[in-house]
Amino acid sequence: MGSPRRSETTAPLLDVRGVSLSFRGVKALSDLSFAVARGEICALIGPNGAGKSSLLNVLNGVYVPDSGEVVFRGEHFRQIEPSEAARRGVARTFQNNALFRKMSTLDNVLAGLARHTRSGFLTQALRLPGARREERELRARAETILEFLDLQPYRDLIVGGLAYGIQKRIELARALVSSPTLLLLDEPLAGMNAQEKAEMSEFVRDINRDLGITVVLIEHDVGIVMNLSDHIVVLDYGRKIGDGTPEEIRSNADVISAYLGTVH
């Protein structure tokens, strides 16, 4: 990754500028620009294939855009490695649970801290005081997140045997345990029943309000998006067709024609 350029002016936490992305000539994102203010919940909505997950993959460094840049915390990046994005405060969940199904809930959450250990391999292997102290700190952080997300009852249980909604919450805990500045959630409510959706939505709100973490999420349930989000960006075939508050999106003619008009 090249050296980032620091912005000379006060900037939003995240600023996507003219990002385009294609796969074998097929455009996934077309000259996409929008900004996310620090401390807000920003929802990305749009039909399947609109480019939402591709955008999250650009934001955490999995994909490199063809053009454009991402400005995060005032630093400009053309390309960033996922490990570097994580170290700079970007955490991510995925559409499909990426959990270690044969490990316990606690061990899955601790896995979210693998990129954030400071002690070297030799220090850890020899169980030197620095490594032991760091391990205690990381475990304490994991226990705090388990408590925050009401996961302590499942702490020592094997993840593969737990209900789907609990597994989604464990994946959220694994992303949250690294104390990110920006949390990217790829369909955190997918596959849930109405009660599970309500519970998860409340956890996302708590993360934003109580922990001060900025959230960018993909979600198809427009009713939940309207109630949960401060800011909504609407994509259609990789293009931005709406960008504003829930009230502004509700009255956007292009959005109603392309998307909201098909949802009840």
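Measuring from label point to label point, each 7 Å out along Cα→Cβ, what is the R250 to V26 span in nm?
3.6 nm
Starting with the fewest neighbours, write out K27, K240 ranked by other beta-carbon atoms found within 10 Å of each beta-carbon.
On the way: K27 15, K240 21.
Ordered by Cβ neighbours within 10 Å, fewest first: K27, K240.
According to a simple spin-label model (label point 7 Å from Cα along Cα-to-Cβ), what is the distance in nm between D107 and A37?
The answer from the label model is 4.5 nm.
Can you tell me which lysines have their Cα less than 28 Å from the Cα of K27? Leave out same-chain residues fewer than eight positions away.
Of all the lysines, those that pass the test against K27 - Cα under 28 Å, at least 8 places apart if same chain - are K52, K240.
Among S53, S251, which comes first, then next, by fewest other beta-carbon atoms within 10 Å? Working shown, then result.
Numbers: S53 19, S251 11.
By the 10 Å Cβ count, ascending: S251, S53.
Each label point is 7 Å from the Cα along the Cα-to-Cβ direction; what then is the distance between the points at R87 and I158, in nm?
Going from the R87 label point to the I158 one covers 3.6 nm.
Cα to Cα, under 17 Å, and not fewer than 8 places away if on the same chain: which lysines meet these conditions relative to K197?
Result set, ordered by chain and number: K168.
Residues with amide H under 5 Å of T214's amide H, sequence separation 5 or more or different chain, H placed in the peptide plane at 1.01 Å from N; which?
Those qualifying (amide H under 5 Å, at least 5 residues apart or on another chain) are G39, L183.
At a threshold of 8 angstrom on Cα-Cα distance, excluding pairs fewer than six apart, so keeping six or more, what relative contact order does the chain reach in percent? Let's see the in-between values first.
On the way: 471 pairs, mean separation 68.7, N = 264.
Reported relative contact order: 26 percent.
So how strong a dipole does the chain carry about its Cα centre when Lys and Arg Cβ are +1 and Asp and Glu Cβ are -1, to the nearest 20 debye?
Values: 32 positive and 33 negative charges, 214 e Å.
Around 1020 debye, computed over the chain.
I want to verify a result. In a Gaussian network model of the chain, Cα cutoff 10 Å, which of these has the top mean-square fluctuation: E219, E137, E147?
Among E219, E137, E147, the largest GNM mean-square fluctuation belongs to E137.
How long are the three semi-axes of the equivalent ellipsoid for the chain, computed from the Cα gyration tensor as the root of 5 times each eigenvalue, in whole Å, largest first? Don't jump to the answer; show the numbers that get you there.
Numbers: eigenvalues 201, 111, 50 Å².
Computed over the chain, the values are 32, 24, 16 Å.
All of the numbers you see were taken from the coordinates with simple rules; none came from a lab. These figures come from a predicted structure and were not determined experimentally. Using ideal geometry, Cβ is built from the backbone for each residue, glycine included, and neighbour counts are taken over all protein chains shown.
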